[in-house]
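Please read through the structure below; I'll follow up with questions.
Read-outs: derived from the displayed coordinates by stated rules, not from any lab. Please read these numbers as outputs of a predicted model, since none were measured by experiment. Note that we place each Cβ from the backbone using ideal geometry, even for glycine, and neighbour counts take in every protein chain shown.
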Amino acid sequence: MRRLLSLLAAATISVSAAATLPSQQVLSGTCCPGAVWTPDSKALLFLDGPPARPATGIYQVPATGGSVTRRFSSVAFFSPKLAWAVRPGNGDATTLERLSDGRRFTLPTRGADVTWTRAETRLAYTRSDTTGNFDRRLSRVYVADVFGAPRQVATLYGGGVSGWINDTTLLLSGKAQPGVRDRELFTLDIRNGARRTLGQALSFRGVSLSPDGAWVVYYVAFDSKARNGLWIRPTAGGAARKLDAFGAYRWRDAGRLLLIPLQPDGSPHVLREYRMRENAWRTLGDLGDQVRQGDWSVSPDGQRMAYLSARNGNVRVLNLP
Amino acid sequence: MRFRTLGAGAALGASAFAFAHYAPALPDSAIARPAQQFGLPFAGPPGPDTWMLGQGYGNTTGAYRQRRRTYGNLQGVHAGLDFSAPCGTPVRSIGDGTVAEVDGPHGSPPHNVVINHAGNLSSLYGHLRVRSSLRVGQAVKRGDVIGQSGDSQETCISAPHLHLELRDRSHQRFFNPLPYIRADWDSLSLAGSFGRGYQYDLNAPRRWQTPESQPEVRRGGALLNEFARPWPPAPGGGR
Ligand SMILES: [Zn+2]
């Protein structure tokens, strides 16, 4: 019994011994949800406007703090590399503008954003019915080259595009028929229509491709004990790994996944890191704070993390160990 | 770059049905102030086997898209909390009280329960799977099972969730439940959300962008989110 108690004590210490990671508040005045990193990882972009700032637009603050400047004078869906602004209209048509030269084309996305390939020369989008049961709604998936015409590549029920694995392969999830129970997670080669089913479940939630497209992480909930949980699997096919953790997750780079465990006991949020190659976890530390609204992001270079502080609703940045 | 459009899914269900209620709204002086006096409607920890917070209260993008149709009688706002859970999960009273209605006229089908609490507050539990076995007038304690969670689309695989509202006893006012319910809301918001954040009015982009600042709703009042410059755009302009 004494030995058991000492083991428990040791285990408790190893969990709670995570050091608090120092962070810096970079915005103030309850500002601002939804901040995203610039492609060079040096700054954060956020939507703001009156009365805090003179005009509505996309503003920028250095990751190390400092003065705020306006980066874009209009709000749009900007592509990850900031090469494109996607502006839905009131009807079907969405205008896509190349920011380097202002050249534009339109696509009938019906208000939806698009999913870009890494090179941002090709995109995909989903057009879904807006009525009916969520898991039975018809979705049509289209792809287009920039300045080109769209081409339908898939019809799904209760699903859509999850991302591009490479320039010619999409990751999708959905049902082939509206009446069946399970959705499929599958890859689709848009050149020849070849499909590869990666898994089946009631629903694939939080689907996120690794930066190199080689792995996909997702979770399954309320299906069966065997299926529920957080999963990582290779997009080229092969066995999935069920991770012995659950919570909010983001890719740090192609080999590392960050996770904040779902542990609603009022304690500061803890940052853990899963290394794909070692199939092992380490605890990076705690925030000494909580993330508000699940709002956190990792810089593209994997060096820093930004989050919305639960303490005062402002964005903070920390260097990842 | 996707400002506030991360995640998938959409608003699930509502309790906004245009039944007439002519009782006057109770004044602030008659209503208990928020003091974390209630508990969560599920027992045990959240997770992929049990339950998770699905959609918050307020000016969500999902509610905005359906502001005229589904939420038209609730000023265009999601006037409750959605908790995802498998059908049949025991739903618990958030506080001591008395059963006021079983399948009463307050929407959130297929089945609902209303419990009256101290301070002229009422809680509504919506989208229950089957009719609750409780009787009107019966006393309940906080944590007592009052029904089973169901699915707003009645398949148990489409959108299984509980819709929970906190109202004044006259059913005219709808309150943000967060300051009334003791829970680690920031942690519960980490995983499970099927929402996409809050709808922006680009003329005042910080308004109603935090969980605790969401507006109270009056039944039948004017839409709060008929914004001149909404963001993100609703596909097809919203309904
Ligand atoms: Zn709801």
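Averaged over its residues, how many other protein chain Cβ atoms are within 10 Å of peptide B:79-92's Cβ atoms?
1
If you don't mind, another one. Quick check for me: using +1 on Lys/Arg Cβ and -1 on Asp/Glu Cβ, what's the dipole size of the range A:54-137 about its Cα centre, in debye to the nearest 20?
140 debye
Along the Cα-to-Cβ line of A:Gln24, 7 Å from the Cα, sits a label point; which residues in the range A:45-85 have backbone N less than 12 Å from it?
Taking a point 7 Å out along Cα→Cβ of A:Gln24, the residues of the range A:45-85 whose backbone N falls under 12 Å are A:62-67.
Please give the FRET efficiency for B:Ser213 paired with A:Ala236, using the beta carbon to beta carbon distance and R0 = 60 Å, rounded to the nearest 0.05.
My answer for the efficiency is 0.85.
Need the C-alpha centroid separation for the range A:175-220 versus the range A:96-130, integer Å.
The range A:175-220 and the range A:96-130 have Cα centres separated by 21 Å.
Around B:His106, what is the net charge, scoring Lys/Arg as +1 and Asp/Glu as -1 over all other residues with Cβ under 11 Å from its Cβ?
So the surrounding residues net to -1.
Now, a different point. Using a 7 Å offset from the Cα along the Cα-to-Cβ direction at both A:Arg282 and B:Thr98, what is the distance between the two label points in nm, to one decimal?
6.2 nm
Take the Cα pairs of chain B, get the Kirkwood Rh, then feed it into Stokes-Einstein at 10 °C and 1.306 mPa s and tell me D in µm²/s.
89 µm²/s
Which order do the peptides B:107-114, B:59-66 come out in when sorted by mean C-beta neighbours inside 10 angstrom, highest first?
B:59-66, B:107-114
Report, please, the projected area of chain A averaged over directions, based on the convex hull of its C-alpha atoms, in nm².
19.2 nm²
With viscosity set to 1.002 mPa s and temperature to 20 °C, compute the Stokes-Einstein D of the range A:82-242, Rh being the Kirkwood radius across alpha carbon pairs; µm²/s, no decimals.
130 µm²/s
When you look at the Cβ of every residue in A:205-215, what mean number of other chain Cβ atoms sits within 10 Å?
Neighbouring Cβ atoms belonging to other protein chains average 2 per residue here.
Taking each residue of B:46-52 in turn, how many C-beta atoms of other protein chains fall within 10 Å of its C-beta, and what is the average?
6
Counting Lys and Arg as +1 and Asp and Glu as -1, what is the net charge of the other residues whose Cβ lies under 11 Å from the Cβ of B:Val91?
Neighbour charge sum, excluding B:Val91 itself: +1.
Tell me the Rg and the Dmax, in Å, that the Cα atoms of the range A:182-282 produce.
Looking at the range A:182-282, its Cα Rg and Dmax stand at 14.4, 51 Å.
Given a cut-off of under 8 Å on Cα pairs at least six residues apart, what relative contact order in percent is computed for chain A?
Computed value for chain A: 14 percent relative contact order.
May I ask you to order A:236-246, A:163-173 by the average number of other C-beta atoms within 10 Å around their residues, highest value first?
A:163-173, A:236-246
Run through all the Cα pairs of the protein assembly as shown and give the fraction in each 10 Å bin from 0, expressed as whole percent.
Calculated over all Cα pairs of the protein assembly as shown, the distribution is 3, 17, 28, 28, 17, 5, 1, 0 percent.
Compute the FRET efficiency between A:Ser267 and B:Glu226 as 1/(1 + (r/R0)^6), taking r as their Cβ-Cβ distance and R0 = 35 Å, and round to the nearest 0.05.
0.30
Local charge sum around B:Pro160 (other residues, Cβ-Cβ under 14 Å, Lys/Arg +1, Asp/Glu -1)?
Taking every other residue near B:Pro160 into account, the sum is -3.
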